Amino acid sequence: MSKSNTILYLDGVSVSFDGFRAINNLSLVLDKGEMRAIIGPNGAGKTTMMDIVTGKTRPDAGEVYFDGEVDLTKHDEAEIAMMGIGRKFQKPTVFESHTIEENLMLALKGPRSIFPALFHRRSAAEVRQIDDILGIIRLGDKRDEIAANLSHGQKQWLEIGMLLAQDPKLLLVDEPVAGMTDAETEETARLLKDIARDHSVIVVEHDMHFVRELGVKVTCLHEGSVLSEGSLDFVSADERVVEVYLGR
Amino acid sequence: MITGRFFAAGADRRIAITIFILLTVAIVVPLLNLAVSPTSAFYVPSYIVALTGKYLCYALLALALDLVWGYCGILSLGHGAFFALGGYAMGMYLMRQIGSRGVYGNPLLPDFMVFLNYKELPWFWYGFDHFWFAAIMVLAVPGLLAFVFGWFAFRSRVTGVYLSIITQAMTYALLLAFFRNDMGFGGNNGLTDFKDILGFNVQADATRSALFAAGAVTLALAVYVTWAIVGSKYGKLLMAVRDAESRTRFLGWRAENVKLFAFTVSAVMAGIAGALYVPQVGIINPGEFEPSNSIEVVVWAAVGGRGTIVGPIIGALVVNAGKSWFTGVLPEFWLFALGGLFVAVTLFLPKGIIGMWDSWRGNAKALRAASIAEEAGTDPDVPAPPKVVRGAARTPGDWSGSSPEPQPAE
Ligand SMILES: Nc1ncnc2c1ncn2[C@@H]1O[C@H](COP(=O)(O)OP(=O)(O)OP(=O)(O)O)[C@@H](O)[C@H]1O
Ligand SMILES: [Mg+2]
């Protein structure tokens, strides 16, 4: 497999926790500009895969490359974030005691050292960027609201907004519609499709209606490796996938 | 939203009032001590000046702890060490000012060195005959220790109770080291019998008043600096690290540097507090490194309300006033009272005195609004009860209403 023209390239990746193989010889390639949905039963290793890509977990074996050339296993979380990989956690994680605006302000692309932050003044350009993002994530009227007051679904959106503020090349989105109403789920599918127009995206999700909405290539993980890959119809017709989902 | 603004403004006003009070006290108390006749009802006796001057140093120490504990969740149980190091730096200067007026009359060596048969001044005492040098050391020694300690601790991602334990270990190790006679800091007895500071007799009423004023002005300045730090984008980041550290990392921030800066600034503040304390109490000994001292600071901050700037100051003043009273009446029960107070505050006043005050005022306001609305014959719940407004002191440390707890990521 060639790494050129890939935004993310995993080959033969394995990781064990106390002898338990959470990721087992996983290979996965994402082209530049592609959006991919990842499904798989609980414990399949979807979140762990994101931990490896974002530098939280070091793989025991295998190659992890970003943008065809950067070896991600050699960098830590902050460096990887600065290279342009944004991540939404499975459990929505925003800064609860700050306002929506402050949450986005802290995420906004820019210098990441202490002294600029200490003497930072909010510029008109930043306000405009934040306005844009607030529009995209449908929280325009909540600018000065404390994040703790948002609904579960709105927190998910805010976190996605924080990813956008980072201006990453690749977004890893872990279970974005968990706990959302049907209407919110539909809205989120639209939002992610918008984002995918100029970003590469990996979406992990259990909700099959949502995955169908996205209408993109699907990878099914099971026990730490790829079980099946293709269109949603192809994957859901795959006997092995049916088997792991319906129980053994 | 309007409520949010109002409360925010309220918090800033509170800071301004605190600074104003401190500056006023810095002028008025010395005047009432020096310029008023002792028979007057307005006379402030010298022992009160000395006592409150000491409390102001404790308040500065509590404020220093608040910056790291209240705003970044770093529960340091070793801040007493930074305080003591600042105190020792000042104590060394004061020792050098004694000159040949010591018991042994040695012009070169402090008394304890003569007693311990030192032949010459140890190298680390060089420079301490100059006030400016001692002043730099007051800042540099605690700052450097905090920087090195924090560098290793935060980089290795030591957090929570483990971090608290190693800060205790740090102050305990220093306690043992400073107890040793061959360390060159006076061992068990520490440094004492001071005569002059900047040429003025440390015992004189005027000097004591000046030290009091210096303490009050420094505290006012520290309140301003802390408020400015906490209100900056860096301050938001500090709280973000407290509430969701891994989220900040995945946004590209180096959480360890964020903590390191606050920890170092806080240690420097604690060192200044110690330096102001020593000339007022006239002694510094290894007892200041006692681990229980550092724990007491945590109690002050908790009682006043952590993460509120003003709270820990109030806590330090109230608890120490209580301590002075208690140790006069029932000395053997003070530690039990302190322990009981901490448990009670943790259980019943998790947001401390300031938090209680705010929620009481918040309720009163909501009630008043409701009754006004009722009188006007309108729907009483139009003035929506405040939701989680920005904690009265824009302090996420105090979680009002439904508490957004710090949460682990994922
Ligand atoms: N740090 C860790 N230590 C030990 N075991 C871990 C760790 N992280 C993940 N695991 C285990 O690895 C397996 C894969 O977990 P992972 O969270 O990646 O699954 P997932 O596919 O995201 O599942 P879900 O759909 O429930 O989110 C699980 O069995 C989990 O218990
Ligand atoms: Mg998961």
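The values are calculated or read from the model by the stated rules, or taken from the named source; none is laboratory data. Remember, it's a predicted structure, so these values are computed and weren't measured experimentally. We place every Cβ from the backbone using ideal geometry, glycine too, and count neighbours over all the protein chains shown.
Would you check if there is a residue in the range B:154-165 being more than 14 Å from every other protein chain (Cβ to nearest Cβ), among the basic types (K, R) and surrounded by fewer than 17 Cβ atoms within 10 Å (Cβ to Cβ)? No, the range B:154-165 contains no residue that is more than 14 Å from every other protein chain (Cβ to nearest Cβ), among the basic types (K, R) and surrounded by fewer than 17 Cβ atoms within 10 Å (Cβ to Cβ).
Does A:T185 satisfy the criteria of being in a strand (DSSP E or B) and either within 16 Å of ligand 2 (Cβ to nearest atom) or buried (at least 16 other Cβ atoms within 10 Å of the Cβ) (or both)? Taking the combined requirement at face value, the residue does not satisfy it.
Selection of the range B:27-58 for residues being part of a loop (DSSP other than H, G, I, E, B) and surrounded by fewer than 17 Cβ atoms within 10 Å (Cβ to Cβ) yields B:A35, B:V36, B:S37, B:P38, B:T39, B:S40, B:A41, B:F42, B:Y43, B:P45. Residues in the range A:14-45 that are buried (at least 22 other Cβ atoms within 10 Å of the Cβ) and within 12 Å of ligand 2 (Cβ to nearest atom): 5 in all.
Just to be sure before I move on: is A:D71 modelled with pLDDT of 95 or more, more than 8 Å from every other protein chain (Cβ to nearest Cβ), surrounded by fewer than 17 Cβ atoms within 10 Å (Cβ to Cβ) and touching a strand residue (DSSP E or B) at 6+ places or on another chain (Cβ under 9 Å) in the structure I sent? Here the answer is yes, as A:D71 does meet what is asked. Return yes when A:K169 is farther than 15 Å from A:T188 by Cβ and within 16 Å of ligand 1 (Cβ to nearest atom) and no when it is not. Taking the combined requirement at face value, the residue does not satisfy it.
The residues of the range B:305-325 that are free of Cβ contacts under 8 Å to residues at least 40 places away in the same chain and within 13 Å of B:T52 (Cβ to Cβ) amount to a single one, B:V318. If you go through the range A:88-102 and keep only what is at the interface with chain B (Cβ under 8 Å from one of its Cβ atoms) and either touching a residue at least 24 places away in the same chain (Cβ under 8 Å) or not in a loop (DSSP other than H, G, I, E, B) (or both), you end up with A:F89, A:Q90, A:T93, A:V94, A:F95, A:E96, A:S97, A:H98, A:T99, A:E102.
Within the range A:128-165, restricting attention to residues that are without any contact (Cβ under 8 Å) to a residue 12 or more places away in the chain and away from chain B (no Cβ under 14 Å), which residue is farthest from A:D182 (Cα to Cα)? Here the residue is A:R128. When the range A:121-147 is filtered for residues that are in contact with a helix residue (DSSP H, G or I) (Cβ under 9 Å, 6 or more places away or on another chain) and of a type in the set (G, A, S), the ones remaining, listed by number, are A:G140, A:A147.
For B:D193, the requirement of being over 30 Å from B:F261 (Cα atoms), of a type in the set (D, E) and surrounded by 13 or more Cβ atoms within 10 Å (Cβ to Cβ) is met.
Would it be correct to say that A:E186 is among the charged types (D, E, K, R), touching a residue at least 12 places away in the same chain (Cβ under 8 Å), within 16 Å of ligand 1 (Cβ to nearest atom) and away from chain B (no Cβ under 14 Å)? For A:E186, the condition - among the charged types (D, E, K, R), touching a residue at least 12 places away in the same chain (Cβ under 8 Å), within 16 Å of ligand 1 (Cβ to nearest atom) and away from chain B (no Cβ under 14 Å) - is not met. Would the range B:269-283 turn up any residue that is part of a helix (DSSP H, G or I), of a type in the set (S, T, N, Q), more than 14 Å from chain A (Cβ to nearest Cβ) and within 27 Å of B:I21 (Cα to Cα)? Within the range B:269-283, one or more residues are part of a helix (DSSP H, G or I), of a type in the set (S, T, N, Q), more than 14 Å from chain A (Cβ to nearest Cβ) and within 27 Å of B:I21 (Cα to Cα). When the range B:59-87 is filtered for residues that are out of contact with any Pro (no Cβ under 7 Å at 6 or more places or on another chain) and surrounded by fewer than 24 Cβ atoms within 10 Å (Cβ to Cβ), only B:L75 remains. Set side by side, the residues B:F194, B:F154 differ, and just one is under 23 Å from B:A89 (Cβ atoms) and among the aromatic types (F, W, Y), which is B:F194. Residue pairs whose Cβ atoms lie under 8 Å apart, separated by 6 or more positions or on different chains, with the first residue in the range A:219-248 and on the phi < 0 side of the Ramachandran plot and free of Cβ contacts under 8 Å to residues at least 12 places away in the same chain and the second part of a helix (DSSP H, G or I) and surrounded by 12 or more Cβ atoms within 10 Å (Cβ to Cβ), are A:V242/A:S236. Beta carbons closer than 8 Å, at least 6 apart along the sequence or on distinct chains, never pair a first residue in the range B:120-135 that is over 11 Å from B:M95 (Cα atoms) and of a type in the set (V, I, T) with a second that is in a helix (DSSP H, G or I) and at pLDDT 95 or above. Taking every residue in the range B:231-253 that is farther than 24 Å from A:V53 by Cα and more than 7 Å from every other protein chain (Cβ to nearest Cβ) and pairing it with any residue that is of a type in the set (G, A, S) and part of a helix (DSSP H, G or I), at least 6 positions away or on another chain, the pairs with Cβ-Cβ distances below 7 Å are B:L238/B:A262. The condition of being of a type outside the set (D, E) and farther than 24 Å from A:S231 by Cα holds for only one of A:L30, A:L72, that being A:L72. Quick check, is A:V218 under 19 Å from A:L26 (Cβ atoms), away from ligand 2 (no atom under 16 Å from the Cβ) and part of a helix (DSSP H, G or I)? No.
Please verify whether A:T48 is more than 16 Å from ligand 1 (Cβ to nearest atom) and in contact (Cβ under 8 Å) with a residue 60 or more places away in the chain, treating the condition exactly as stated. Here the answer is no, as A:T48 does not meet what is asked.
Are any residues in the range A:22-45 out of contact with any Leu (no Cβ under 8 Å at 6 or more places or on another chain), more than 9 Å from ligand 1 (Cβ to nearest atom) and either among the aromatic types (F, W, Y) or not in a loop (DSSP other than H, G, I, E, B) (or both), and if so, which ones? Of everything in the range A:22-45, those that are out of contact with any Leu (no Cβ under 8 Å at 6 or more places or on another chain), more than 9 Å from ligand 1 (Cβ to nearest atom) and either among the aromatic types (F, W, Y) or not in a loop (DSSP other than H, G, I, E, B) (or both) turn out to be A:N24, A:N25, A:D31.
Scanning for something away from ligand 1 (no atom under 16 Å from the Cβ) and within 14 Å of chain B (Cβ to nearest Cβ), does the range A:210-222 turn up at least one residue? Looking for residues that are away from ligand 1 (no atom under 16 Å from the Cβ) and within 14 Å of chain B (Cβ to nearest Cβ), one finds none in the range A:210-222, hence no.
This table checks each residue for (1) modelled with pLDDT of 90 or more; (2) surrounded by 13 or more Cβ atoms within 10 Å (Cβ to Cβ); (3) farther than 30 Å from B:L198 by Cβ; (4) not basic (K, R).
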residue: B:A273; (1), (2), (3), (4): yes, yes, no, yes
residue: B:E296; (1), (2), (3), (4): yes, yes, yes, yes
residue: B:V310; (1), (2), (3), (4): yes, yes, yes, yes
residue: B:S359; (1), (2), (3), (4): no, yes, yes, yes
residue: B:L367; (1), (2), (3), (4): no, no, yes, yes
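Going by the conditions given, is A:G19 touching a helix residue (DSSP H, G or I) at 6+ places or on another chain (Cβ under 8 Å) and either touching a residue at least 60 places away in the same chain (Cβ under 8 Å) or within 16 Å of ligand 1 (Cβ to nearest atom) (or both)? No; evaluated as a whole, the condition is false for this residue.
Going through B:E410, B:E375, B:E405, B:E332 one at a time, which residue ends up being at pLDDT below 90, over 24 Å from B:Q168 (Cβ atoms) and touching a strand residue (DSSP E or B) at 6+ places or on another chain (Cβ under 9 Å)? One residue alone meets the criteria, B:E410. Give the residue that is surrounded by the fewest Cβ atoms within 10 Å (Cβ to Cβ), with candidates limited to residues of the range A:46-68 that are within 14 Å of chain B (Cβ to nearest Cβ) and out of contact with any helix residue (DSSP H, G or I) (no Cβ under 7 Å at 6 or more places or on another chain). It comes out as A:T47.
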